[in-house]
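K.L.:
Structure in structure tokens, see below.
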There are 2 protein chains.
Amino acid sequence: MKGISSEIGAGGQPMQRFLREFILTTFKDKKLGGIGLSNLDDSADFGEYVITIDGHTVQPIFFPGGDIGRLAICGTINDLSVMGAEPVAVASSLIIQTGFPEENLRTILESMSKALEEVGASLLCGDTKVVDDPIDIYVTTAGIGRYNQHLEKNLGVVRSYREYPYNFIGDNTLLPGEKIIVTGTIGDHGISLMSLRENLGFETSLRSDVNPLWPVVKSALRVGGVTAMKDVTRGGLSMVLNELAAKSGVNIHIYEEKIPVRREVRAATEMLGLNIYEIACEGKAVIGVLEPFAKQVVRAIRGTKYGGEAEIIGEVVETSGEGHVILKTRVGGETLLDPPMGDPVPRVC
Amino acid sequence: MKGISSEIGAGGQPMQRFLREFILTTFKDKKLGGIGLSNLDDSADFGEYVITIDGHTVQPIFFPGGDIGRLAICGTINDLSVMGAEPVAVASSLIIQTGFPEENLRTILESMSKALEEVGASLLCGDTKVVDDPIDIYVTTAGIGRYNQHLEKNLGVVRSYREYPYNFIGDNTLLPGEKIIVTGTIGDHGISLMSLRENLGFETSLRSDVNPLWPVVKSALRVGGVTAMKDVTRGGLSMVLNELAAKSGVNIHIYEEKIPVRREVRAATEMLGLNIYEIACEGKAVIGVLEPFAKQVVRAIRGTKYGGEAEIIGEVVETSGEGHVILKTRVGGETLLDPPMGDPVPRVC
């Protein structure tokens, strides 16, 4: 009997196949709003709200810059934020191994509470199970985001330039001519975890970027012109760009020298032979913006706590629907940025 | 260092202590509606919606009458239903062990899909993680329920008799004189799992009652007069009655001979020395109803697929706030039904 492979949980092509073969064939796609199950977006909408869910099984559960609690809340806040939705509520399900130290649980819960308070969201309900399975702790969080004035303003700006199909921000909505922004350095989360696990020594200077993106997103929406968004998690920048391109039916040109990468992160990926574009982040988003607003959006993002290194890294180009991401290298060459096949650093979220 | 004990996940008094000591002291109780975190109710409300979440770790994952997929969806549907909310959407997070048979996963997903279709709800979004930890599969589901015409009618009826503090059905809202209904036989789920695990042989005739309660609840709301509801899961009937009594600040009298119990379930509990009132169900609710409507509500529930054995089992009595459940025994005695201390049958949900 065929067994589930670890790759389907890694955010790359095998996961896309799994979703199509197992999920979309089994469940009816009964949308309640514009974005539903078959959109495979970061959240789905119903009424003036969006909902998202994610299970978190990161190892180790404590790492430089955060822990599984902060990761769970930020992951959920970010999936709501990239819809343009204001994160308002989280529901949390804890599965805890018998004997798990109470002190560690308290630390994790406090991290969750602090991350929620950063964006003014609250824990609305929860559930706790205790098992003998050797798991330490898993934290699954579902989140609710709300339509808001900043999103409304942004959609008004976008619709004065082009048609827009949703009341929230989609990820299949890029049009040629639009600019691509990344909200900060990539790879920090995956590499800081890898460094800790492998004792590479980078963990003294390198921390996970696990942060809530709502203030960053809000600053962009306030300017206006945002047409598509995704947060960068499993599968890294490459996965997000390929999803945006394929789902929008456009090609994207990315300028390698524009992509912000920390020196230590680059050094670590080179030492380990990893592809920097496939390494997970936990506090970064890719944003498509109407060309006339791109510079102003970047300036606005740079003024926020977690957006200081935002850059315009590329643009959407005319296409006959290939959905490719073309990386323009430092030396003037071109290379296709393929979506990742698996996860170079497993158990990152 | 003190470790987490398995009892806190068992739905009894230790869980209540855990919730107060760990959760309510850490998180701000920022309500978005009438029922929030500190209510420790089955769901919490925001706008015209309620949300709930539950992790499911049942062992074995396939059992007579259902599997972990049906259990997860029904558990979530039921937590929404007992708020009087119409279940409209579910978000699902799968955590799967590497190598888990694809065939089993397909069966589980189909069970989830079928249970959703029974009540007209849909899967709106999901997440999948694959881990090497020996867990088989955990399924965490969050659900969204909606205010609806049946709930509106019910609240209208209730408010023509008494004050009612919420726009959904609470569990701290019983008043003296109201009747207590259970929607069917108790203990089927826990005992069928126990029988399977221990090879007791009852599994040929006994099946889990894992079923979606919305049609049962809807039939009661249509009559009107429902003042409080909880579904019976971990901790059994005893836990639910004690929570309702304690949170409402009332005493409840329960007539032992009225409680519907299957012959095989009673035989198994006697053989195993288990307290039938502490055994989990997965498709039963306890409903508080205004006295003039109680008989009509029971008749309506009996007309539904999963409510054929509904009974009025007791009533709320005048009290000075003790919050006790008093069991009137067959032989004319009285005994205090204490809330369970732990779980007689672990890993039932």
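K.L.:
Roughly what % antiparallel, to the nearest 5, for the DSSP beta bridges in segment A:6-336? Display every interim value, and only then the final one.
P.N.:
Values: 43 of 56 bridges.
Within segment A:6-336, antiparallel bridges account for around 75 percent of the total.
K.L.:
Read phi for every residue in segment A:216-228 and hand back ³J(HN,Hα) as whole Hz from Karplus 6.51 cos²θ - 1.76 cosθ + 1.60, θ = phi - 60°, with x for Gly and Pro.
P.N.:
4, 5, 4, 5, 6, 5, 4, 5, x, x, 6, 10, 7
K.L.:
Going by amide H atoms built from the backbone, whose H comes under 5 Å of the H on B:Leu213, apart from near neighbours?
P.N.:
Here the answer is B:Asn78, since their amide H atoms fall under 5 Å of that of B:Leu213.
K.L.:
Name the residues whose placed amide hydrogens come within less than 5 Å of the amide hydrogen of B:Val131, ignoring near sequence neighbours (fewer than 5 apart) on the same chain.
P.N.:
Distant-sequence amide H within range of B:Val131: B:Ile96, B:Gln97, B:Thr98.
K.L.:
Let me ask something additional. Could you compute how much accessible area chains B and A hide from each other, both sides summed, with a 1.4 Å probe? Nearest 100 Å² is fine.
P.N.:
On the way: alone 15230 and 15240 Å², together 23740 Å².
The B and A chains share an interface burying roughly 6700 Å².
K.L.:
Using each residue's phi in segment A:334-346, evaluate 6.51 cos²θ - 1.76 cosθ + 1.60 at θ = phi - 60° and report the 3J(HN,Hα) Karplus result to the nearest Hz, with x for Gly and Pro.
P.N.:
My calculation for segment A:334-346 gives 10, 9, 7, 8, 6, x, x, 8, x, 10, x, 10, x Hz in order.
K.L.:
To continue, here is another question. Rounded to a whole number, what is D in µm²/s for segment B:214-327 from Stokes-Einstein with the Kirkwood radius over alpha-carbon pairs (25 °C, 0.890 mPa s)? Intermediate values should be presented prior to the final figure.
P.N.:
Numbers: Rh = 14.7 Å.
For the chosen part, D equals 167 µm²/s.
K.L.:
Could you work out the Rg to Rh ratio of the protein assembly as shown, with Rh taken as the Kirkwood radius (inverse of the mean 1/r over all Cα pairs)? Walk me through the intermediate numbers first.
P.N.:
On the way: Rg = 25.9 Å, Rh = 25.9 Å.
Ratio of gyration radius to Kirkwood radius: 1.00.
K.L.:
Checking the cross-link filter: which aspartates and glutamates have an alpha carbon closer than 19 Å to that of A:Lys28, excluding same-chain neighbours under 8 positions apart?
P.N.:
A:Asp41, A:Asp42, A:Asp45, B:Glu86, B:Glu110, B:Glu117, B:Glu118, B:Asp127
K.L.:
Could you work out which residue, out of A:Glu48, A:Glu282, A:Glu163, moves most in a Gaussian network model of chain A, that is, has the largest mean-square fluctuation with Cα springs under 10 Å?
P.N.:
It is A:Glu163.
K.L.:
Give A:Lys230/A:Lys258; B:Lys31/B:Lys218; A:Lys114/A:Lys247 a once-over and call out the pairs whose C-alpha atoms are over 23 Å from each other. Before the final figure, lay out the partial values.
P.N.:
Numbers: A:Lys230/A:Lys258 19 Å; B:Lys31/B:Lys218 26 Å; A:Lys114/A:Lys247 35 Å.
The answer is B:Lys31/B:Lys218; A:Lys114/A:Lys247.
K.L.:
Straight-line reach from A:Lys295: which aspartates and glutamates have a Cα under 16 Å away, not including same-chain ones fewer than 8 places off?
P.N.:
A:Glu178, A:Glu309, A:Glu311, A:Glu315
K.L.:
Mind scanning A:Lys153/B:Lys30; B:Lys179/B:Lys284; A:Lys284/B:Lys129 and naming the pairs with a C-alpha gap bigger than 18 Å? Could you put the intermediate results ahead of the total?
P.N.:
Working: A:Lys153/B:Lys30 27 Å; B:Lys179/B:Lys284 16 Å; A:Lys284/B:Lys129 21 Å.
Over 18 Å apart, Cα to Cα: A:Lys153/B:Lys30; A:Lys284/B:Lys129.
K.L.:
If you take every residue apart from A:Cys281 with its C-beta less than 9 Å away from the C-beta of A:Cys281, what net charge results, scoring Lys and Arg +1 and Asp and Glu -1? Don't jump to the answer; show the numbers that get you there.
P.N.:
Numbers: positive: A:Lys284; negative: A:Asp188, A:Asp209, A:Asp231, A:Glu282.
Net local charge, A:Cys281 excluded: -3.
K.L.:
Once phi is turned into θ = phi - 60°, what whole-Hz ³J(HN,Hα) does the Karplus curve with 6.51, -1.76 and 1.60 give for every residue of segment A:314-319, x standing for Gly and Pro?
P.N.:
Along segment A:314-319, the couplings run x, 8, 8, 10, 3, 7 Hz.
K.L.:
Using DSSP, restrict attention to beta bridges with both residues in the protein assembly as shown and report what percent are antiparallel, rounded to the nearest 5. Present the calculation step by step, with values, prior to reporting the outcome.
P.N.:
Values: 88 of 114 bridges.
If I count the DSSP bridges inside the protein assembly as shown, around 75 percent turn out antiparallel.
K.L.:
Compute the accessible area per residue over segment A:6-336, keeping the other protein chains in place, probe 1.4 Å, unit Å².
P.N.:
Numbers: 11010 Å² over 331 residues.
Per-residue value: 33 Å².
K.L.:
Quantify, in whole percent, the carbon and sulfur part of the accessible surface of chain B (1.4 Å probe; protein heavy atoms only). Mind showing how you got there, number by number?
P.N.:
Numbers: 5490 of 11870 Å².
C and S atoms contribute 46 percent here.
K.L.:
Hey, another quick one. What distance in nm separates the simple spin-label points at B:His253 and B:Arg266, each placed 7 Å from Cα in the Cβ direction?
P.N.:
2.2
K.L.:
Could you work out the mean count of beta carbons from other protein chains within 10 Å of each residue's beta carbon in B:96-107? Walk me through the intermediate numbers first.
P.N.:
Details: counts 6, 4, 7, 6, 4, 4, 9, 3, 3, 6, 4, 0.
Mean inter-chain Cβ contacts per residue within 10 Å come to 5.
K.L.:
Calculate the dipole size of segment B:6-336 relative to its Cα centre from +1 charges on Lys and Arg beta carbons and -1 charges on Asp and Glu beta carbons; express the result in debye to the nearest 20.
P.N.:
Numbers: 32 positive and 43 negative charges, 177 e Å.
Charge dipole of segment B:6-336: 840 debye, to the nearest 20.
K.L.:
Compute the projected area of the convex hull of the Cα atoms of chain A, averaged over all viewing directions, and report it in nm² to one decimal place. Can you show the working numbers first?
P.N.:
Details: hull surface 71.6 nm².
Taking a quarter of the hull surface, the average projection is 17.9 nm².
K.L.:
Modelling each spin label as a point 7 Å along the Cα-to-Cβ direction, I'd like the B:Lys2/B:Arg20 distance in nm, to one decimal.
P.N.:
Roughly 1.4 nm, to one decimal.
The values are calculated or read from the model by the stated rules, or taken from the named source; none is laboratory data. Since the model is a prediction, treat every value here as computed from it, not as a measurement. Cβ atoms come from the backbone with ideal geometry, glycine included; neighbour counts cover every protein chain shown. Note: areas computed on protein heavy atoms with side chains; ligands, DNA, RNA excluded. Shrake-Rupley method; radii C 1.70, N 1.55, O 1.52, S 1.80 Å.
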